[in-house]
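**Q** Dropping a structure here in structure tokens format, bear with me for questions.
The values are calculated or read from the model by the stated rules, or taken from the named source; none is laboratory data. Everything numeric in this text was worked out from a predicted model, so none of it was measured. Cβ sites come from the backbone with ideal geometry, for glycine too, and all protein chains shown count toward neighbours. The accessibility values were calculated without ligands, DNA or RNA, using every heavy atom of the protein model including side chains. Shrake-Rupley method; radii C 1.70, N 1.55, O 1.52, S 1.80 Å.
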Amino acid sequence: MRIEVNGRICLFGEHSDWAASYRNLNKKICKGHAIVAGINQKIIADIYMDNNLTISYSKCNCLCKYEDLKIKTNISDLYKLAKSDSFYSYASAAAYVIKQKYNVKGIKINIIENTLPIKKGLASSAAISILIIKAYNLLYKLELSDSQIMEYAFESEQITGSKCGRLDQFCYFGDCVNKIIFDGNQLSYNNIFVKNDINIVIVDLNGKKNTKKILNDLNSCYPFPKNSVENKVINYFGVANEKIVKYAEKYIKKGYVRKLGKLMSYSQRLFDKYVSPVCPSELSAPLLHDILNDPFIKKYSYGGKGVGSQGDGTAQLIAKNKESQMTIVNYLREKGYNSYVLDLEKTKEVKKAVIPVAGYGTRLYPYTKLINKEFCPVVYENKLKPQISVLLEELYDSNINEIYLIISSKFQKKLYKNYLLKHSNYLKTFPDYKNNKNYEEKLKKIWKKIKFIKNNHVDYGFAYSVSLAKKYVGSDSFILCLGDTIYSSDNSVNCCNQLIDFYKKNKISSVGIKKINLDEVNNYGTVKTSKIDGNKIVIKKLYEKPNFEFAKKNLLVNNVCYAFFGNYILDYKIFEILKRNLKGRKKECDFTKCLDEMHTKNGLLGYLIDGTSYDFGNVESYINNFVNIKGVRN
């Protein structure tokens with residue numbers, strides 16, 4: 001099994017995580033605020049079960065100067081290595097934490113690629129810890145939640161003697177931008193919508209810094225400052241930092257890249273003035289300031305600052321544009337500095353939809369001998385419409401530009417053309433001519449958005465049908481909707497738009513969720529949740545139509561279960577998973593199992609939709625929902 005862990009960079013708010021932990025002792029200390037972004041540099045590894053903790057390298061990379069590791073996974077040996085100065089202390093500490101909590105053996109990790117610089121403030125140690133814990137979680141099916149993995153990684157770093165805070169563990173979330181608030185040992189976070197591309201250069205200063213000394217000297221100012229110098233440090237990481245992060249979040253959301261660069265430079269000046277005096281031997285950082293004050297770099301950048309614990313480790317610069325970014329990189333490389341490109345890409349809009357409608361409709365036989373099931377009539381908003389029209393109209397209202405209908409025949413395509421394009425000559429005779437004419441115009445506009453994908457193997461099932469959209473969707477995220485389901489909400493934002501808005505805020509694949517009664521679970525894909533935060537559902541595992549007893553024991557939360565609503569927003573990674581699971585199959589592949597794999601490897605959140613979904617896939621549900629949906633929006 002192959003996994004990867006990105007590094008992370010703290011754009012603003014370094015040190016505020018551990019500083020805020022002292023609120024447990026001194027409530028006058030402010031909460032910590034930070035903005036963290038995943039970076040392109042990462043560790044990629046193949047993982048296997050083993051009796052030992054083994055780490056090896058399959059090809060040359062920046063870690064190859066270290067010998068392979070092979071150590072028995074007993075508690076004492078792991079702890080001894082964790083407390084040493086070895087490069088592998090973090091890996092051993094992570095294994096130690098897991099071994100203490102779970103009855104597991106060992107793992108073998110073969111690192112096939114590593115582009116993450118070591119000891120440069122880019123969370124390389126946390127990435128190793130996350131890698132180990134993630135490997136244990138996958139191989140031994142521990143079903144750890146996101147928060148548990150991050151907590152165990154933090155515990156393992158503390159065992160090594162590191163006084164780093166909780167910022168580092170956000171490398172777990174990959175290449176997204178998060179705002180984090182720290183309060184004692186608690187934290188909260190949310191993804192930030194990125195309005196415009198931000199082109200960053202990360203510079204390895206080729207210098208040396210003593211991170212432990214920096215952290216020890218800064219920690220000595222807490223929890224109660226002993227003089228004005230220490231009081232200024234606490235003020236910088238508290239009140240001043242909160243204000244900086246507030247502006248940074250605003251500039252990222254608004255797309256003010258120039259202002260963001262200037263804010264970085266301002267933040268660095270404040271750090272030099274109020275924090276550096278506490279540890280001048282490390283924080284005066286001549287190499288860092290040579291880069292930040294270089295006239296050539298100033299010409300092509302908006303500003304910059306140090307990274308992580310500061311000092312002569314790493315610098316970050318915000319380039320004026322992509323061309324300027326590469327100009328800076330080439331300039332630095334000529335001067336002997338290793339530099340890396342980090343692009344915080346603007347949040348992608350969801351503009352494509354996929355709807356599989358290629359089924360035979362056997363559960364609505366014999367009516368479906370005449371017409372495809374999605375054209376069965378329903379009453380909605382005082383009109384008798386084909387069921388699929390309700391969904392198409394909702395996607396149109398959600399500003400979807402391309403709707404991919406996966407069909408099975410030319411006849412089916414003709415049905416859509418006739419319904420959406422065919423002009424009603426007798427329309428003028430209608431009492432409500434104007435409104436009906438406007439509706440006809442809307443149907444024609446929907447037709448222009450539709451593209452058809454032919455499925456020649458309907459019996460291969462739903463997952464196969466979805467996989468056919470790969471070459472049309474490309475690398476874009478898309479909303480997947482069920483062709484036999486109608487969504488309805490009294491909310492001013494329709495059901496699809498609710499999920500789209502949630503995705504834009506969190507930048508992670510998401511599934512619509514609804515509450516159901518325990519006796520309904522055998523009809524739905526259902527989730528096991530580790531946390532419910534308002535409408536945000538943190539998923540622990542997904543199950544396809546679990547039985548009553550299992551659901552009662554494992555899935556029931558406050559007398560309800562959480563099931564699939566019937567819409568999903570997924571990125572291109574789902575197609576890789578579908579391809580792997582469909583390989584060599586001539587029968588149906590479990591789509592829920594593929595979603596669960598995506599959740600485990602790439603992340604998947606649930607969103608509790610404010611609305612109702614109505615299934616029209618079989619006779620019983622058709623009868624019930626035809627009646628129930630009748631007056632929803634009347």
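**Q** Sticking to Cα atoms, compute the Rg of segment 183-336 to one decimal and its Dmax as the biggest Cα-Cα distance, whole number, in Å.
**A** Rg then Dmax for segment 183-336, in Å: 16.4, 49.
**Q** Taking the full set of protein chains and a 1.4 angstrom probe, give the accessible area of residue 160 in square angstrom, rounded to the nearest 10.
**A** Residue 160 has an accessible surface of roughly 20 Å² with all protein chains in place.
**Q** Ratio to report: Rg/Rh of segment 299-382, with Cα atoms as the point set and Rh obtained by the Kirkwood method; give two decimals.
**A** Numbers: Rg = 28.2 Å, Rh = 18.7 Å.
Radius of gyration over Kirkwood radius for segment 299-382 works out to 1.51.
**Q** Here's a follow-up. Mind grabbing the base-10 log of I(q)/I(0) for segment 381-422 at q = 0.18 Å⁻¹? Debye formula, identical points on the C-alpha positions, no solvent, two decimal places.
**A** Each listed q maps to, in turn, -0.61.
**Q** Can you compute the radius of gyration and Dmax for segment 576-620, using only the Cα atoms, both in Å?
**A** Calculated on Cα positions, Rg and Dmax stand at 14.6, 40 Å.
**Q** Okay, moving on. Would you kindly work out the equivalent ellipsoid of segment 383-493 from its C-alpha gyration tensor and give its semi-axes, the square roots of five times the eigenvalues, largest first in whole Å?
**A** Semi-axes (√(5λ), whole Å): 28, 17, 13.
**Q** Place a point 7 Å from the Cα of residue 518 along the Cα-to-Cβ direction; which residues of segment 561-576 have their backbone N under 16 Å from it?
**A** 561-563
**Q** Among [x] 159; [y] 210; [z] 183, which is the computed volume of the Cα convex hull per residue in Å³?
**A** Label of the calculated value: [z].
**Q** Follow-up. Could you give the spread of the C-alpha atoms of segment 454-501 along their three principal axes, from largest to smallest, in whole angstroms?
**A** 39, 26, 14
**Q** As an exercise, find the ratio Rg/Rh for segment 225-277 from alpha-carbon atoms, using the Kirkwood inverse-distance average for Rh.
**A** Numbers: Rg = 12.6 Å, Rh = 11.7 Å.
That ratio equals 1.08.
**Q** Of all beta bridges DSSP finds with both residues in the chain, what is the antiparallel percent, to the nearest 5?
**A** Antiparallel: roughly 80 percent of the beta bridges in the chain.
**Q** Moving on to the next point. Taking the full set of protein chains and a 1.4 angstrom probe, give the accessible area of residue 402 in square angstrom, rounded to the nearest 10.
**A** Here the residue's solvent-accessible area equals roughly 50 Å².
**Q** Rounded to two decimals, what is Rg over Rh for segment 129-247 when you use alpha-carbon atoms and the Kirkwood radius? Show your work: numbers first, answer last.
**A** On the way: Rg = 17.3 Å, Rh = 17.3 Å.
Rounded to two decimals, Rg over Rh is 1.00.
**Q** Here's something else I'd like to know. On each of the three principal axes of the Cα atoms of segment 361-405, give max minus min coordinate, whole Å, ordered largest first.
**A** Cα spread of segment 361-405 along its principal axes, largest to smallest: 36, 27, 14 Å.
**Q** Same structure, new question: Convert each backbone phi in segment 440-451 into a coupling constant with the Karplus relation 6.51 cos²θ - 1.76 cosθ + 1.60 (shift: θ = phi - 60°), then list the ³J(HN,Hα) values in order as whole Hz, x for Gly and Pro.
**A** Karplus-based 3J(HN,Hα) across segment 440-451 equals 4, 5, 5, 4, 5, 5, 5, 4, 5, 8, 8, 10 Hz.
**Q** Still on this structure: Taking Rh as the Kirkwood radius computed over C-alpha pairs, what is the Stokes-Einstein D of segment 521-612 at 25 °C in a medium of viscosity 0.890 mPa s, expressed in µm² per second?
**A** For these conditions, the coefficient is 174 µm²/s.
**Q** Run the helix sum for the chain: -39,500 (n - 2.57) per DSSP H stretch of 4+ residues, divided by residue count, reported at 222 nm to the nearest 500 deg cm²/dmol.
**A** -11000 deg cm²/dmol
**Q** Angle check, please: helix 410-421 long axis (alpha carbons) against the longest principal axis of the chain (alpha carbons), in degrees 0 to 90, nearest 10.
**A** Between helix and principal axis, roughly 90 degrees.
**Q** For the chain, what is the accessible area per residue in Å² when the probe is 1.4 Å? Walk me through the numbers before you get to the answer.
**A** Working: 28610 Å² over 634 residues.
So the chain comes to 45 Å² accessible per residue, rounded to a whole number.
**Q** With N denoting the number of residues in segment 27-142, provide Rg(C-alpha) divided by 2.2 N^0.38 Å, to two decimal places.
**A** Cα-based Rg divided by the globular estimate yields 1.14.
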